[in-house]
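**Q** One structure coming up, written as structure tokens, with questions to follow.
The values are calculated or read from the model by the stated rules, or taken from the named source; none is laboratory data. A quick note: this is a predicted structure, and the numbers were derived from the prediction, not measured. Methodologically, a virtual Cβ is constructed for each residue, glycine included, from the backbone with ideal geometry; neighbour enumeration extends over all protein chains shown. Only protein heavy atoms, including side chains, enter the accessible area calculation; ligands, DNA and RNA are left aside. Shrake-Rupley method; radii C 1.70, N 1.55, O 1.52, S 1.80 Å.
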Amino acid sequence: MEQYKNLKTEKDNNIGVIFINRPDKLNALNRETVKELNKAFSSFQGDDEVKAVVLTGSGEKAFVAGADIKELSGLDLSSGKEYVLEGQQLMNLIEDFKKPVIGAINGFALGGGTELALACHIRIASENAKMGQPEVKLGLIPGFGGTQRLPRLVGKGIAMEMILSGKTIDAQEAYRIGLVNEVISQDQLLPHCKALAQKMASNGPKAVENCIQSINKGMEKPLGDGLLLEAELFGKTCATEDSKEGTKAFLEKRKPEFRGK
Ligand code: COA
């Protein structure tokens, strides 16, 4: 496994796990950590053994307490834009990842932390999780996708309220508004997310990849165009070896052996 300064990574069966590991700074995302996350995700993308990824924070207090405020304080017109474009590139890599990415939100997920969670395909929170977009309190705006992905997930009205007030919400509120899929006790969070990832890892990898693409790209299109995209991806998936194996295995009453082809 690669060595990182601000991350820990491991493989557990077919699951890649990434821990953001700056607990003394509540796992705040500095530039170096963003670069390392890019590297870690790219490495899991190219690793055929890894079928799904769980992303979480080290320690019991924070997933990610935001972009690093020390770095934010020195930005200007052009460096500010460049800074967020770098962050957005990471979020896009995660959102368009070919394998399921589950965000295990184990505490504070503020600002860039909520944005990182929003880029994951699925979010599961521990009972002590706290989420929000507090940038306006610093005289800033969200820049790692918060003004775009939050309204798409929870609706414009709730996103406006959260972003303009900068308020912090607890795990139950995040669940109520659909920002997280489930709330789990902290000690069960990681095992639960790994088990969910394992369930996804047992499905046809090409089918899973095409579902992610169809949902992500389809959400950006009018319904008719989205349905056309789905039809194209359905056809493509029918041409895979895995689709032959999956349907044959059902008819032969046995478990399929998917090869990701
Ligand atoms: N950027 C840089 N450092 C951060 C940080 C961030 N986003 N969030 C926390 N830290 C650092 C603190 O400066 C502190 O470092 P120090 O020990 O060297 O002083 C350390 O992490 C612990 O944080 P602290 O504030 O002492 O913990 P707390 O339990 O009292 O409060 C929070 C926790 C999350 C409420 C508080 O840290 C906070 O408000 N963080 C900023 C959240 C934010 O605005 N994020 C969005 C940025 S756009």
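**Q** For the range 67-84, does any single residue satisfy the condition of being assigned by TED's automatic domain parsing to the domain that holds residue 33, over 15 Å from the mean Cα position of the chain (by Cα) and among the aromatic types (Phe, Trp, Tyr)?
**A** Yes, some residue in the range 67-84 is assigned by TED's automatic domain parsing to the domain that holds residue 33, over 15 Å from the mean Cα position of the chain (by Cα) and among the aromatic types (Phe, Trp, Tyr).
**Q** Sticking with this structure for a sec: Quick one: in the range 14-57, which of the residues that are open to solvent by 60 Å² or more (accessible area, probe 1.4 Å) and farther than 23 Å from residue 125 by Cα is farthest from the ligand (Cβ to nearest atom)?
**A** Of everything passing the filter in the range 14-57, 48 is farthest from the ligand (Cβ to nearest atom).
For (1) among the aliphatic types (A, V, I, L, M); (2) without any contact (Cβ under 8 Å) to a residue 12 or more places away in the chain; (3) open to solvent by less than 10 Å² (accessible area, probe 1.4 Å), each residue gets a yes or a no:
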{"residue": "60", "(1), (2), (3)": "no, no, no"}
{"residue": "75", "(1), (2), (3)": "yes, yes, no"}
{"residue": "80", "(1), (2), (3)": "no, no, no"}
{"residue": "84", "(1), (2), (3)": "yes, no, no"}
{"residue": "91", "(1), (2), (3)": "yes, no, yes"}
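**Q** Okay, next question. For residue 24, all conditions in the list (1) closer than 26 Å to residue 187 by Cα; (2) in contact (Cβ under 8 Å) with a residue 24 or more places away in the chain; (3) out of contact with any strand residue (DSSP E or B) (no Cβ under 7 Å at 6 or more places or on another chain) hold save one; what is the number of the exception?
**A** (2)
**Q** Considering only residues of the range 130-153 that are in a helix (DSSP H, G or I), crowded, with 18+ Cβ neighbours inside 10 Å and not charged (D, E, K, R), which is farthest from the ligand (Cβ to nearest atom)?
**A** Taking the candidates together, the pick is 150.
**Q** Show the residue pairs meeting these rules: Cβ distance below 8 Å; 6+ apart or different chains; first residue within the range 173-198 and assigned to a helix (DSSP H, G or I); second residue surrounded by 14 or more Cβ atoms within 10 Å (Cβ to Cβ) and hydroxyl-bearing (Ser, Thr, Tyr).
**A** 186/126; 189/56; 189/126; 190/56; 193/56
**Q** Given the structure, is residue 111 in contact with a helix residue (DSSP H, G or I) (Cβ under 8 Å, 6 or more places away or on another chain) and at negative phi?
**A** In short, no.
**Q** While we're looking at this one, here's another question. Does residue 122 satisfy the condition of being surrounded by 16 or more Cβ atoms within 10 Å (Cβ to Cβ), touching a Cys at 6+ places or on another chain (Cβ under 7 Å), at pLDDT 95 or above and closer than 22 Å to residue 216 by Cβ?
**A** No.
**Q** Looking only at the range 218-250, count how many residues are open to solvent by 70 Å² or more (accessible area, probe 1.4 Å) and part of a helix (DSSP H, G or I).
**A** Initial filter on the range 218-250 (open to solvent by 70 Å² or more (accessible area, probe 1.4 Å)): 219-223, 225, 227-228, 230, 232, 234, 236, 239, 241, 244, 247-248, 250.
Restricting the remaining residues to those that are part of a helix (DSSP H, G or I) gives 219, 223, 225, 227-228, 230, 232, 234, 236, 241, 244, 247-248, 250.
Residues flagged as open to solvent by 70 Å² or more (accessible area, probe 1.4 Å) and part of a helix (DSSP H, G or I) within the range 218-250 amount to 14.
**Q** Ok, one more. Is it the case that some residue within the range 175-183 is under 21 Å from residue 18 (Cα atoms), of a type outside the set (Val, Ile, Thr) and surrounded by fewer than 19 Cβ atoms within 10 Å (Cβ to Cβ)?
**A** The answer is yes; a qualifying residue exists.
**Q** Kindly indicate the residue of the range 66-83 that is among the small types (Gly, Ala, Ser) and more than 10 Å from the ligand (Cβ to nearest atom) and also farthest from residue 30 (Cα to Cα) among those meeting that condition.
**A** Of everything passing the filter in the range 66-83, 78 is farthest from residue 30 (Cα to Cα).
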